[in-house]
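To start, the structure under review is shown below, and the notes come after it.
The values are calculated or read from the model by the stated rules, or taken from the named source; none is laboratory data. Note that the coordinates shown come from a computational prediction; the quantities given were computed from them, not determined experimentally. Cβ coordinates were reconstructed from backbone atoms using ideal geometry, including for glycine residues, and neighbour counts include every protein chain displayed. Note: accessible area is taken over every heavy atom of the protein model, side chains too, but ligands, DNA and RNA are not part of it. Shrake-Rupley method; radii C 1.70, N 1.55, O 1.52, S 1.80 Å.
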Amino acid sequence: MNRTPIIALDFPDKKKTEDFLGFFQGKKLSVKVGMELYYKEGAPLIDWLKEQGHDVFLDLKLHDIPNTVYSAMKILAQAGADMVNVHASGGTEMMREALRGLEEGTPAGKNRPLLIAVTQLTSTDEEQMQNEQLIDRKLKESVLHYARLAHRAGLDGVVCSAHEASAIEEATSPQFLRVTPGIRLSGQMLHDQKRVVNPSRARRIGSSMIVIGRPVTQSEDPVWAYNQVVEEWEMET
């Protein structure tokens, strides 16, 4: 999976996805397919995106007992996505079984999809984590704990806020991916994200990859907005 900014295709169906990607005719992108779109269109959508030349992050955030996640990952390994994910809160055994399922399910001659784990969602703040999840620690401490578990389980990286990316790199390794959503261009609305940064700051503070959705997908000029994201992301630190 290349390191260009990942566009979150948060659309309800293939038709709206096609309409949006039509703005980028002939350009190879990195895109994210989440639950809504995948549950509507299924694996054929991934095939279609790959035929268009795009790299695909299939964002389903699996979280179940280890055997169920293992079996599901054996199937997802055949979908053609370049990266998939689980919730780190499912535990070390579940993450190891997810990796085993991917390894066993990947067709011969193909590369195994990257496997990353969600630490804490960027819509979660410390008060919510402590009062609703009953995790009596600082948010950053919880994120680092989950990142260490994912690293020990052999995963390729984590989903985290850019605010924790540098600390995760120090706690794991420079090669351990820090994939960060919650990206906004300067001056844009936060929507339901709480821990957000702009692309250039995300890179400066340790993000390996960034995911951006509404600032591009809901822009009046998606190509211009995407190019702004790329320009900021590639800006020298």
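At a glance:
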{"read-out": "Subset of Lys28/Lys138; Lys16/Lys110; Lys28/Lys140; Lys32/Lys110 violating a 28 Å alpha-carbon distance limit", "value": "Lys28/Lys138; Lys16/Lys110; Lys28/Lys140"}
{"read-out": "Segments 50-57, 110-117 sorted - mean Cβ within 10 Å per residue, highest first", "value": "110-117, 50-57"}
{"read-out": "Probe 1.4 Å, accessible area per residue of the chain, Å²", "value": "48"}
{"read-out": "Distance (nanometres) between label positions extended 7 Å along Cα→Cβ at Lys138 and Glu234", "value": "3.7"}
{"read-out": "Solvent-accessible area, 1.4 Å probe, carbon plus sulfur percent, for the chain", "value": "46"}
{"read-out": "Listed peptides 94-106, 131-143 by packing density, highest first (mean Cβ within 10 Å)", "value": "94-106, 131-143"}
{"read-out": "Approximate spin-label separation Ser123-Lys15, in nm, with each point projected 7 Å along Cα-to-Cβ", "value": "2.6"}
{"read-out": "Given charges at Cβ of Lys, Arg, Asp, Glu: region 109-156 dipole, positive-most of Ala153, Gly109, Gln130", "value": "Gly109"}
{"read-out": "20 Å reach of a label modelled at Val223, 7 Å along Cα-to-Cβ, counting backbone N of region 30-67", "value": "30-31, 52-55"}
